[in-house]
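For reference, the structure is listed below as structure tokens.
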Amino acid sequence: MHAESPSGAATEQRLRRELAAVYRLVAHFGMTDLIFTHISLRLPGPEARFLINPYGLLFEEITASNLVVVGPDGIAQRQTGHPVNPAGFVIHAAVHAARPDAHCVLHTHTRAGCAVAATVEGLLPVNQMSMEFYDRVGYHDYEGVALSLDEQARLVADLGVHPALILRNHGLLTVGTTAAQAFLRMFYLNRACEIQVSAAATGTLNLPAADVCERSARQLAGADIDDDFTDPAAYDMAWAALLRLLDRIDPRYAD
């Protein structure tokens, strides 16, 4: 392995802080499953490497410095005293390899996400928050705990070009070109699931017309449509606000 350049080291440190921030935010918003589930972030360079959590730590314990660098063989490239979650490697390595745009991959087992993943209908266009994913979420049938490399091809085929994947009878997955994008997609995908579960328990669901759902999805994606106003900086401002929140309540993520 070649020695890392100063610029490469600075880039890795920045990415470590971004990913550690996502781990802390997932913990803050109650989207964790003890030490299980995982979030990864691709490192630049010719090698297929990504950062992932040290297996055994709670998400609230993750810092920039204790994230693990994993290579294409699923083995940590530096000694950290912590193993790599094998299911995390199987899922994340597959998505990183198949999707050049998937720099960050985020997987959760939230209560609402698992509930929607257990239904035949999957995610429905119940609320504005779910419109972002209208016809833009894949579905992967449950095959057991993700410990087989054989499942990788089917998983990435089911994800396709979508920003999100519902793993049936399992949980949720989002991808992003940045850690911020993957987190915000997961935040709203999970919120959409929460709203759907609550609405379904309240009464008969009212679903907007398909053309309205598609228009809303395009608006939320920033597509060029005939609107009087646009809001292109919304997600950037939301991410900046979240980092300010972390800096107030738990700045240790950047250590």
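Taken together, the values in this text are just the output of simple stated rules run on the coordinates, not laboratory data. None of the values given here were measured: they were computed from a predicted structure. Using ideal geometry, Cβ is built from the backbone for each residue, glycine included, and neighbour counts are taken over all protein chains shown.
Classify the chain from the C-alpha gyration tensor, please: rounded if a/c falls under 1.5, else prolate or oblate depending on whether a/b exceeds b/c.
Prolate, since a/c reaches 1.5 and a/b exceeds b/c.
Toward the positive end of the charge dipole of the chain, about the Cα centre and with charges on Cβ (Lys, Arg +1; Asp, Glu -1), which of Q219, N169, V26 goes farthest?
Value: V26.
In debye to the nearest 20, how big a dipole does the chain give about its Cα centre with +1 on each Lys and Arg Cβ and -1 on each Asp and Glu Cβ?
Magnitude of the dipole: close to 600 debye.
Treating only the Cβ of Lys, Arg, Asp and Glu as charged (+1, +1, -1, -1), what charge dipole size does the stretch 17-65 show about its Cα centre? Round to the nearest 20 debye.
160 debye
Given the DSSP H assignment, sum -39500 (n - 2.57) over each helix run of at least 4 residues in the chain and divide by its residue total; what's the result at 222 nm in deg cm²/dmol, nearest 500?
Dividing the helical sum by the residues of the chain leaves -13000 deg cm²/dmol.
Springs between alpha-carbon atoms under 10 Å, Gaussian network over the chain: tell me which of A210, A76, A115 tops the mean-square fluctuations.
Maximum fluctuation in the GNM of the chain, among the listed residues, is at A210.
On C-alpha positions alone, give me the angle between the axis of helix 210-220 and the longest principal axis of the chain, in degrees, nearest 10.
Roughly 40 degrees, rounded to the nearest 10.
Which stretch or stretches of the stretch 105-132 have amide N atoms under 13 Å from the point lying 7 Å from N206's Cα along the Cα→Cβ direction?
126-128
Considering only DSSP beta bridges where both residues belong to the chain, give the percentage that are antiparallel (nearest 5).
Once the DSSP bridges in the chain are tallied, antiparallel ones form about 85 percent.
Quick one: net charge of R191's neighbours, Cβ under 13 Å, K/R +1, D/E -1?
So the surrounding residues net to 0.
Mind giving me the nanometre distance, one decimal, between the label points for S148 and E61, set 7 Å out from Cα along Cα→Cβ?
Here the modelled spin labels are 3.2 nm apart.
Once both axes come from the Cα atoms, what is the angle between helix 6-28 and the longest principal axis of the chain, in degrees from 0 to 90, rounded to 10?
Around 50 degrees separate the two axes.
Residue separation times 0.36 nm, minus the C-alpha to C-alpha distance between F29 and Q219: what's the value?
Here the answer is 65.8 nm.
On average, how much area does the Cα convex hull of the stretch 115-159 cover when viewed from any direction, in nm²?
3.8 nm²
Give me the net charge of L67's neighbourhood, meaning all other residues with Cβ under 13 Å from the Cβ of L67; Lys, Arg count +1, Asp, Glu -1.
So the surrounding residues net to +3.
Quick one: Debye curve from the C-alpha atoms of the stretch 60-176, no solvent, what's log10 I(q)/I(0) at q = 0.12, 0.20, 0.21 Å⁻¹?
Debye intensities relative to I(0), on a log10 scale: -0.47, -1.15, -1.24.
Work through the residues other than R215 whose Cβ is under 11 Å from its Cβ and net out their charges, Lys, Arg +1 and Asp, Glu -1.
-3
Hey, rough spin-label estimate for D250 and E121, points 7 angstrom out along Cα→Cβ, what's it come to in nanometres?
3.5 nm
If you fit an axis through the alpha-carbon atoms of helix 179-202 and take the longest principal axis of the Cα set of the chain, what angle between them do you get, 0 to 90°, nearest 10?
40 degrees
Using the number of other C-beta atoms within 10 angstrom as an exposure proxy, rank T177, T202 with the fewest first.
With the sparsest Cβ surroundings first, the list reads T202, T177.
Under unit Cβ charges (Lys, Arg +1; Asp, Glu -1), what dipole magnitude, rounded to 20 debye, does the stretch 83-203 have relative to its Cα centre?
Dipole magnitude for the stretch 83-203 comes out near 260 debye.
Can you tell which of H82, P46, A112 lies farthest toward the positive end of the dipole of the stretch 1-121, using +1 and -1 charges on the Cβ of basic and acidic side chains (Lys, Arg; Asp, Glu)?
P46
For the residues C213, C193, what sequence is obtained by ranking on other C-beta atoms within 10 Å, fewest first?
Result, fewest neighbours first: C213, C193.
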